[in-house]
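Asks: Next up is a structure, given as structure tokens.
The values are calculated or read from the model by the stated rules, or taken from the named source; none is laboratory data. Note that the structure is a prediction, hence the values are computed from the model and not measured. All Cβ positions, glycine included, derive from the backbone under ideal geometry; neighbour counts span all protein chains shown. When the accessible area is computed, the model is the full protein with side chains, heavy atoms only, and any ligands, DNA or RNA have been set aside. Shrake-Rupley method; radii C 1.70, N 1.55, O 1.52, S 1.80 Å.
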Amino acid sequence: MRRRSLLIAVPAGMATLAACNDDGASSAESGDSASPSASATSAAPAPAPKIVDGPLPAITAGAKFGEKPTVAKGSGDPSDQIAVKTLVAGNGRTAAEGDFLVADYLGQIWDTAKVFDNSFDRGAALAIQLSQASVIDGWRYALVGKKVGSRVEFSVPPTWGYGKEGYAEGGIKGTDTLVFVVDMKGVYPVTSSAKGTDVAQDNVDLPKVGTNTDGKAPSIEIPKKDAPTKLVSSYIIEGDGEEAEADSSLLVQYKGVLWDSGKEFDSTYARKTLTSFSLDGVVKGWKQGLTGKKVGSRVLIVIPPALGYGDNPPSGSGIEKDSTLVFTVDILAKL
């Protein structure tokens with residue numbers, strides 16, 4: 001199984017940010033694995049399940065929040081509904097339908113205890129939207145209403161998992177009930193914004209970025225100046241969270257415009273979503289511009305062509321050759 005987790009398809013907009021491999025493929029698109037991602041096969045929604053208490057297999061090791069759990073094989077027949085048990089009760093934000101969940105998790109098959117996917121070994125949490133288009137229904141039904149800081153164990157029969165088709169790449173048959181243990185590390189509505197201290201924007205040669213934190217897209221005012229020839233990365237709002245490392249995966253809001261025209265070419269705000277990615281999989285300007293920046297911050301990044309797309313912009317992106325790109329990026333979480 002390949003080790004890139006959960007999103008089978010690249011989220012809208014990520015094809016714009018993704019760096020390209022030597023074969024021309026987007027690095028954000030390469031590889032996928034078994035996961036709680038919604039199946040690519042379209043089907044009529046199943047009726048809502050009943051939420052029951054069990055049965056659920058025991059955690060035999062790694063029982064604390066944040067530890068990789070070892071889960072026993074299921075005993076007897078699993079429920080044909082969704083069995084849910086809160087093993088550790090958190091007291092953070094309550095997850096709602098449509099929110100993005102940041103979580104560590106392990107998934108295995110009831111009958112065999114075969115682990116088909118887990119984030120603990122990758123060293124990076126999952127960020128996924130609790131919506132029908134993004135995640136299998138079992139996750140939505142089990143986790144909406146649970147609080148950050150909780151460890152939740154639940155079983156998902158095929159009806160609210162991968163259906164009769166299963167997921168062959170992950171070794172999941174159409175008859176398999178799945179068992180998950182999920183550590184809920186953070187919950188982020190699609191209106192999430194930076195949280196920190198406003199930083200003075202004194203340089204008249206650089207764009208001015210709005211400091212609103214109401215979930216609406218901040219304004220970007222481009223000065224009537226020549227674009228800088230070197231990368232610019234500066235705080236608009238400075239958070240107090242962890243610093244992003246060169247290989248970190250991040251959950252962000254962002255908006256991108258062209259220096260020459262101020263025209264917006266990409267925005268999570270416009271799509272009413274958030275985006276997660278590895279800094280190893282985006283253009284050099286993003287990687288260099290966000291490395292060392294703190295979670296909770298809003299960052300202005302001005303990317304010259306050499307660190308963006310040069311003379312080979314993505315098809316259909318609205319970006320012309322040799323364009324200087326201007327981004328405002330809210331760093332919501334380090335995964």
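Asks: So for the chain, Kirkwood radius off the Cα pairs, Stokes-Einstein at 37 °C and 0.692 mPa s: how many µm² s⁻¹?
Replies: 157 µm²/s
Asks: Residue by residue, what Karplus-based ³J(HN,Hα) values in Hz, rounded to whole numbers, does the range 180-193 have, using 6.51, -1.76 and 1.60 with θ = phi - 60° and x for Gly and Pro?
Replies: Here the 3J(HN,Hα) series is 10, 10, 10, 9, 7, 9, x, 10, 9, x, 5, 9, 5, 9 Hz.
Asks: Sticking with this structure for a sec: Per residue of the range 75-90, in order, report the coupling 6.51 cos²θ - 1.76 cosθ + 1.60 (Karplus, θ = phi - 60°) as ³J(HN,Hα) in whole Hz, putting x for Gly and Pro.
Replies: Going residue by residue, I get 10, x, 7, x, 5, 8, 10, 9, 8, 9, 9, 8, 7, 10, 8, x Hz, with x marking Gly and Pro.
Asks: Still on this structure: Once phi is turned into θ = phi - 60°, what whole-Hz ³J(HN,Hα) does the Karplus curve with 6.51, -1.76 and 1.60 give for every residue of the range 281-288, x standing for Gly and Pro?
Replies: Along the range 281-288, the couplings run x, 10, 4, 4, x, 5, 4, 5 Hz.
Asks: What aspartates and glutamates does K85 reach when the alpha-carbon gap must be under 16 Å and sequence neighbours fewer than 8 apart in one chain are set aside?
Replies: Partners within reach: D53, E153, D183.
Asks: Hey, in the GNM for the chain with a 10 angstrom Cα cutoff, which one of A125, A142, A306 fluctuates hardest?
Replies: Answer for the Gaussian network model of the chain: A306.
Asks: In addition: What residue among V209, G281, Y235 has its Cα farthest toward the positive end of the dipole of the range 208-335, where the charges are +1 on Lys, Arg and -1 on Asp, Glu, each on the Cβ?
Replies: Of V209, G281, Y235, it is V209.
Asks: In the Gaussian network model of the chain, springs joining C-alpha atoms below 10 Å, which of A103, A61, A72 carries the largest mean-square fluctuation?
Replies: Answer for the Gaussian network model of the chain: A61.
Asks: Once you've got the GNM for the chain with C-alpha springs shorter than 10 Å, pick whichever of K173, K185, K164 has the biggest mean-square fluctuation.
Replies: Looking only at K173, K185, K164, the biggest GNM fluctuation is shown by K164.
Asks: Express in % the proportion of alpha carbon pairs of the range 198-238 at distances exceeding 14 Å.
Replies: The answer is 52 percent, as a whole percent.
Asks: Amide H of T177 versus every other amide H placed in the peptide plane: which residues, excluding those fewer than 5 positions away on the same chain, fall under 5 Å?
Replies: W110, D111
Asks: Just want to confirm a number: the relative contact order over the range 39-196, from Cα pairs under 8 angstrom separated by 6+ residues, in percent.
Replies: 28 percent
Asks: I've got another one for you. Say the cut-off is 30 Å between C-alpha atoms; which of K73/K334; K114/K164; K146/K208 go over it?
Replies: Table pairs above 30 Å Cα-Cα are K73/K334; K146/K208.
Asks: Something else now. For V181, what charge total do you get from the other residues with a beta carbon under 11 Å from its beta carbon, if Lys and Arg give +1 and Asp and Glu give -1? Intermediate results must be reported in sequence, preceding the final value.
Replies: Details: positive: K68, K85, R151; negative: E67, D104, E153, D183.
With Lys, Arg at +1 and Asp, Glu at -1, the neighbours total -1.
Asks: For F265, what residues show an amide H to amide H distance below 5 Å, using hydrogens built from the backbone and excluding near sequence neighbours?
Replies: Result for F265 returns G256, V257, L258.
Asks: Let me ask another. For E97, tell me the accessible area in Å² from a 1.4 Å probe, rounded to the nearest 10.
Replies: About 100 Å², ignoring ligands and nucleic acids.
Asks: Rg and Dmax of the range 82-174 over Cα atoms: what are they, in angstrom?
Replies: Both quantities, over Cα of the range 82-174: 13.2, 38 Å.
Asks: Which distance in nm do the two modelled labels at D214 and D77 give, with both placed 7 Å along the Cα-to-Cβ direction?
Replies: 5.6 nm
Asks: Tell me the Kirkwood hydrodynamic radius of the range 209-335 in angstroms, computed as one over the mean inverse distance between distinct C-alpha pairs. Don't skip to the end; give the middle numbers.
Replies: Details: mean 1/r = 0.0685 Å⁻¹.
Roughly 14.6 Å, rounded to one decimal.
Asks: A further question on this structure: Ignoring ligands, DNA and RNA, what percent of the 1.4 Å accessible area of the chain is carbon and sulfur?
Replies: Working: 7160 of 14890 Å².
Within the chain, the accessible surface is 48 percent carbon and sulfur.
Asks: While we're on this one: Would you calculate the separation in nanometres between label points at F65 and K164, each defined as 7 Å from the Cα along the Cα-to-beta-carbon direction?
Replies: 4.2 nm
Asks: At 0.36 nm per residue, and after removing the present C-alpha to C-alpha distance, how many nm does the segment from D111 to E97 gain when stretched out fully?
Replies: Result: 2.0 nm gained on full extension.
Asks: If you roll a 1.4 Å probe over the heavy atoms of the protein chains, what accessible area per residue do you get for the chain, in Å²? Before the final figure, lay out the partial values.
Replies: Working: 14890 Å² over 335 residues.
About 44 Å² of surface per residue is accessible.
Asks: If you count the DSSP beta bridges with both ends in the range 212-299, what percent of them are antiparallel, to the nearest 5?
Replies: Around 100 percent of the beta bridges assigned by DSSP in the range 212-299 are antiparallel ones.
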